[in-house]
Amino acid sequence: MKKNMILLIEFLFALLSIWVLTATHQRPESALITLRIYVLVMIGVTGTLVLMFRHYLTHHSTIDITRICETVRNLDVPAFIWTNDLNTIYTNEAMDDILGITESEDPGDSAKLLSTLFHSMGISPTSAAQELNGIIYRSTLLDFDRNKRYISWNTSLLKENHNASLYFTIGFETTELVMAKHSLTAYAKNLAASQSRYALSMRLAGIGILLCESVHDVFYVSDEAKEFLGIDHNEITFQEFRQRLHPEDRFLFDEYLEKMRSVKKDTTRNKPQTLEFRIRPAVGKPYVWYSYHYQENLTNATGGPIIGGALIDITGEKNKDATIERLAFMDDITEIANRNKLIQDGEQTYQLCKKTGSTYWIIVLDIDRFHIINDSLGYEKGDKYLRDFAHLLCKHTASGGMVARLSADNFAMLVQDYGDEELPMRIVEQIRIDMAELSTGDSSTTALSCSAAFARIPNDGNSFKEAMEHAEFTLAIGRGQLSYLMGYNAAMHREEASRSELEKELAHAIASKQLQLYYQPKVDLRTGRTMGAEALIRWVKPDGTMVSPNIFIPIAERTGLISEISHFVLHEACAQNALWQKIQFNPIVISINFTSEDFFQKDVCEMIQDVLIRTGLKPKWLELELTERLALGDVNYTIQQMNMLRELGVLLAMDDFGTGYSSLSYIQLLPLTLLKLDRSFISKIETDMVAREIVSAIIKIAKSMGIETIAEGVESEGQVAILKAFGCDYVQGYLYGKPMTALQFQKRLEEESNH
Ligand code: C2E
Ligand code: MG
Ligand code: MG
């Protein structure tokens with residue numbers, strides 16, 4: 001717009017304003033109309049001016065295209081100036097790269113290329129200006145070199161024209177950004193996938209992770225571990241974790257923390273280590289076994305300790321271990337510990353005793369004549385008895401002690417010693433009392449008893465095993481005895497050494513026939529004639545020395561040689577008596593001594609019958625002398641066995657009567673044929689009123705029961721007179737003859753038969 005034009009318009013305004021002022025002044029009545037005309041003219045002029053101005057701006061604005069092209073050329077991002085009819089295009093180098101334009105190419109080509117570009121951007125070239133103007137357009141292109149490019153285009157109108165408007169488009173390449181985003185997305189996807197794979201692996205493997213990298217005493221807890229610990233948040237304090245551990249395992253955790261906190265700068269890779277914990281997820285829930293795998297001396301970036309590890313449920317393994325332990329360490333029949341387990345645990349107790357100064361008793365027990373149960377009632381009942389006996393022992397074992405079955409009917413108890421020397425004795429006594437309650441499931445048998453021996457830990461051995469062996473050794477000394485009870489002492493070994501020497505000799509003596517039978521006459525007090533003989537064994541060594549049966553019979557009983565000896569005695573005595581009868585001497589009764597071991601043999605009747613048949617001796621000429629120790633056993637079984645022997649026809653005498661435990665009332669129950677009054681009464685009979693009274697009473701009662709009596713150890717006529725007066729049937733003693741050889745005895749029989 002020309003400057004003069006504006007001045008002209010301003011001048012016209014001034015004239016109009018003066019006219020309005022004058023007109024309103026001179027003609028005030030037409031002022032309103034004048035003003036209205038003025039305002040209308042003003043509106044008309046202003047509107048015209050605005051329209052003119054706008055027209056001018058559109059048609060007469062000037063852009064410095066050359067300068068813009070220059071700037072575009074210098075841009076290192078793709079940019080181009082173009083008209084919407086695609087006739088005029090300026091591109092820069094970066095843009096040429098995309099379009100594949102070389103410097104020599106003319107704009108016509110670039111127009112073609114630009115329309116290809118618009119096509120590839122999904123835009124029609126004819127409407128490109130409308131679509132792109134004023135917005136940011138993101139496109140994905142393949143450049144001339146077939147590379148994928150991500151470019152965001154920004155287009156603005158430079159000059160509008162009727163024919164063709166001019167636009168400027170600039171592209172911001174985001175290829176790297178997009179690529180980075182893509183790889184980031186891929187990475188995130190991979191991460192998520194690997195995380196879920198990791199979580200799945202942990203779940204499949206049943207592994208829970210605990211991790212603490214901070215200075216706070218808090219574990220980060222994986223999903224699996226959350227389940228193990230019964231929590232629903234991702235963290236647990238060390239204290240809370242410790243609370244969930246079994247009380248016995250908490251010290252393990254304390255030790256572990258202490259170790260982990262004292263991190264050593266250790267560059268060498270430590271081997272993974274393992275702990276075993278019991279954890280329960282909540283009070284009232286059962287404990288579960290976990291193995292905890294960790295590594296020492298792991299540090300974070302600041303050198304602080306990384307405390308953590310993996311928890312794996314090992315209940316299955318533990319159960320398997322328990323089964324293996326059960327198989328290896330538990331006795332099948334009684335379901336208590338076996339010998340191996342006792343030795344294993346006992347060794348620990350032994351070490352504890354050494355450390356703390358405490359002491360324990362090891363008591364070994366043997367059920368006396370247990371074979372009676374097996375023999376008479378069968379193995380099933382025998383097993384039941386063993387089980388009941390095991391439970392009985394458990395009842396007498398306080399906590400901290402243990403019970404084990406060592407072998408067949410041998411058991412052991414480990415009991416804490418509180419300085420009470422009598423404790424093992426009292427325990428065994430109580431067990432014997434309680435054994436009376438043990439049912440064998442058979443009303444005809446009553447209680448068994450047991451023998452026991454004990455040693456003190458750690459005093460009586462250099463190891464638990466040794467102390468236990470000493471107790472077993474002590475028990476073995478009493479083998480064959482009923483209700484034997486003895487504590488170990490070191491002197492026993494010396495005695496045992498000489499015993500074992502004898503044992504060896506005795507075994508050899510039997511084999512080399514150094515054993516002989518001597519016969520001591522038994523005389524009928526009414527007739528004064530020899531009515532019988534007691535066969536007494538003698539061990540005559542090659543050098544002529546004689547060993548008393550009082551010494552070697554107990555050894556034979558203990559070593560098991562007794563049955564061989566008894567068989568020899570039985571056979572020899574029967575054969576001898578049969579021979580004397582063949583010679584036609586007055587038939588006599590031959591007595592042999594039977595131990596309780598012999599008596600309780602299962603096939604004792606068959607064995608005796610067999611010998612009688614083989615030797616041709618009638619059973620009524622054989623008498624078995626039994627001892628009162630039978631009384632300690634099962635009465636019903638004793639009676640049953642004796643009845644069988646009586647049915648066979650053999651005679652049964654009770655030897656050494658009055659010295660032992662049996663009472664007359666007990667004797668009444670037994671099918672005896674003879675009572676042998678012990679020498680200890682007879683020797684006192686002349687001087688001791690009480691002894692005399694006892695002998696008198698026994699003879700009377702025996703008579704009333706139809707049992708005959710014999711007095712042993714008769715050495716004087718005075719004794720004979722008294723015994724005769726009391727009505728004693730028979731006598732035996734040095735007065736009538738010492739034990740003599742078969743030949744000497746035969747001579748005596750010959751002499752008697754000649755009278
Ligand atoms: P016992 O069965 O009571 O035998 C009697 C013992 O008293 C015999 O001792 C005998 O010599 C002894 N004796 C007999 N009369 C008198 C006497 O008037 N005065 C004295 N002081 N002693 C007298 P022995 O032969 O030394 O036998 C001792 C024990 O050995 C026997 O006691 C018996 O229990 C056992 N015994 C002997 N032979 C055998 C045997 O073949 N088998 C078994 N199992 N034990 C036997
Ligand atoms: Mg005898
Ligand atoms: Mg006797």
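The values are calculated or read from the model by the stated rules, or taken from the named source; none is laboratory data. Everything numeric here is computed off the predicted structure, so don't read it as measured data. Every residue, glycine as well, gets a Cβ built from its backbone with ideal geometry; the counts of neighbours run over all protein chains shown.
Side notes on the structure shown:
- Residue in region 386-402 that is surrounded by fewer than 21 Cβ atoms within 10 Å (Cβ to Cβ), polar (S, T, N, Q), in contact (Cβ under 8 Å) with a residue 40 or more places away in the chain and outside the structural domain of residue 595 (by TED's automatic domain parsing) present: no
- Any hit, region 607-620, residues being touching a strand residue (DSSP E or B) at 6+ places or on another chain (Cβ under 6 Å), closer than 22 Å to residue 671 by Cα, assigned to a helix (DSSP H, G or I) and not assigned by TED's automatic domain parsing to the domain that holds residue 369: no
- From the options 474, 446, residue that is at pLDDT below 95, of a type in the set (Val, Ile, Thr) and under 24 Å from residue 378 (Cα atoms): 446
- Among the residues of region 212-242, those identified as buried (at least 17 other Cβ atoms within 10 Å of the Cβ) and in a strand (DSSP E or B) are 212, 218, 219, 221, 236.
- Any hit, region 362-370, residues being part of a strand (DSSP E or B) and more than 19 Å from residue 480 (Cα to Cα): yes
- Residues of region 283-306 that are under 22 Å from the mean Cα position of the chain (by Cα), farther than 13 Å from residue 253 by Cα and either among the small types (Gly, Ala, Ser) or not assigned by TED's automatic domain parsing to the domain that holds residue 232 (or both): 284 alone.
- Residue within region 542-557 that is touching a residue at least 60 places away in the same chain (Cβ under 8 Å) and either surrounded by 15 or more Cβ atoms within 10 Å (Cβ to Cβ) or within 16 Å of ligand 3 (Cβ to nearest atom) (or both) present: yes
- When region 325-359 is filtered for residues that are hydrophobic (A, V, I, L, M, F, W, C) and out of contact with any Leu (no Cβ under 6 Å at 6 or more places or on another chain), the ones remaining, listed by number, are 327, 328, 329, 330, 336, 337, 342, 343, 352, 353.
- Unique match (being of a type in the set (Asp, Glu) and part of a helix (DSSP H, G or I)) among 534, 557: 557
- Scanning region 560-591 for residues that are part of a helix (DSSP H, G or I), aromatic (Phe, Trp, Tyr) and surrounded by fewer than 20 Cβ atoms within 10 Å (Cβ to Cβ) returns a single hit, 568.
- Of all residues in region 345-361, those satisfying the criterion of being out of contact with any helix residue (DSSP H, G or I) (no Cβ under 7 Å at 6 or more places or on another chain) and in a helix (DSSP H, G or I) are 345, 348, 351, 352, 353, 354, 355, 356.
- Cross-chain or 6+ apart pairs with Cβ under 9 Å, region 666-686 first and polar (S, T, N, Q), then at pLDDT 90 or above and within 13 Å of ligand 1 (Cβ to nearest atom): 673/623; 673/653; 680/713; 683/713; 683/715; 683/719
- Residue in region 528-538 that is more than 16 Å from residue 593 (Cα to Cα) and out of contact with any Lys or Arg (no Cβ under 7 Å at 6 or more places or on another chain) present: yes
- Residues in region 610-629 that are touching a Leu at 6+ places or on another chain (Cβ under 8 Å) and within 15 Å of residue 597 (Cβ to Cβ) were compared, and the one that is modelled with the lowest pLDDT is 629.
- Residue, modelled with the highest pLDDT, within region 571-605, restricted to residues that are of a type in the set (Phe, Trp, Tyr) and within 16 Å of ligand 2 (Cβ to nearest atom): 594
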